[in-house]
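A short worksheet on the structure shown next.
What follows is calculated from the coordinates using simple rules that are stated; it is not laboratory data. Because the structure is a prediction, the values reported are computed rather than measured. Counting neighbours? That spans all protein chains shown, and the Cβs are built from the backbone with ideal geometry, glycine included.
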Amino acid sequence: MAHPHEHQVRPGLHLVQWAFAILGLALVVGSAAFMVYRAVGIDGGPPALSVRWSAAVRQRDGWLLPFTAINGGGEPAAQVWIEASIIATDGSRETSRTVLDYVPAHSERRGGLVFRTDPTAGQLTIRALGYTEP
């Protein structure tokens, strides 16, 4: 007869507890290592900036050209200059520029450029002009 204060353990329970403890430890260590890896920027590489535009939107005093700046590089970029130019069929040119404060590594930021004329009515080019290191 077991004493009322004795703790009885089912066979195999101790082994299951150890298995879950080891699994939990592996997940915590793996997560911490991944965060350090990303924070230190081991994947490295300078910012790799590209820009894509969306459909122009007619506004009261002109046109808005929404865009997305993409940083596919391993380091962030600050003060990212974006420029778009339109060369109309008559040869006239219109340019619009803006600055994004910060584009983190492996991410994207959205913005918009304003034009007097429809930016899709001519030859449109859009690009990142440069950045500074944060």
Quiz item: Given the options 30, 111, 44, which has the most mean-square fluctuation in a GNM of the chain, springs set between C-alpha atoms less than 10 angstrom apart?
Solution: 30
Quiz prompt | Cβ-based charge dipole, the chain, positive-most Cα from 33, 95, 57 | solution = 57
Self-check item: In degrees, nearest ten, helix 13-40 long axis to first principal axis of the chain (Cα)
Solution: 30
Quiz item: Given the rule -39500 (n - 2.57) for each run of at least 4 DSSP H residues, summed and divided by the residues of the chain, what is its mean residue ellipticity at 222 nm, to the nearest 500 deg cm²/dmol?
Solution: -7500 deg cm²/dmol
Quiz item: Using bins 5 angstrom wide from zero, how does P(r) for the range 44-91 break down, in % of all Cα pairs?
Solution: 5, 15, 20, 20, 15, 11, 8, 5, 1, 0
Practice problem: Return the FRET efficiency for the residue pair residue 68, residue 23: r is the Cβ-Cβ distance, R0 is 35 Å, and the value is rounded to the nearest 0.05. | Solution: 0.30
Self-check item: Percent of Cα-Cα distances greater than 17 Å, calculated over the chain
Solution: 70
Exercise. Using a Gaussian network model of the chain whose springs link C-alpha atoms within less than 10 Å, name the residue from 36, 16, 80 with the highest mean-square fluctuation.
Key: 16
Quiz item: So between residue 50 and residue 35, what do we pick up on full extension, going 0.36 nm a residue minus the alpha carbon distance?
Solution: 2.8 nm
Practice problem: Rounded to whole Hz and in sequence order, give me ³J(HN,Hα) for the range 47-56 from the Karplus expression 6.51 cos²θ - 1.76 cosθ + 1.60, θ = phi - 60°, writing x for Gly and Pro. | Solution: x, 10, 9, 9, 9, 10, 10, 10, 4, 5
Quiz prompt | Gaussian network model of the chain, springs between alpha carbon atoms under 10 Å - residue of 26, 121, 105 with greatest fluctuation | solution = 26
Quiz item: What percent does the relative contact order of the range 20-89 come to when contacts are Cα pairs within less than 8 Å and at least six residues apart?
Solution: 28
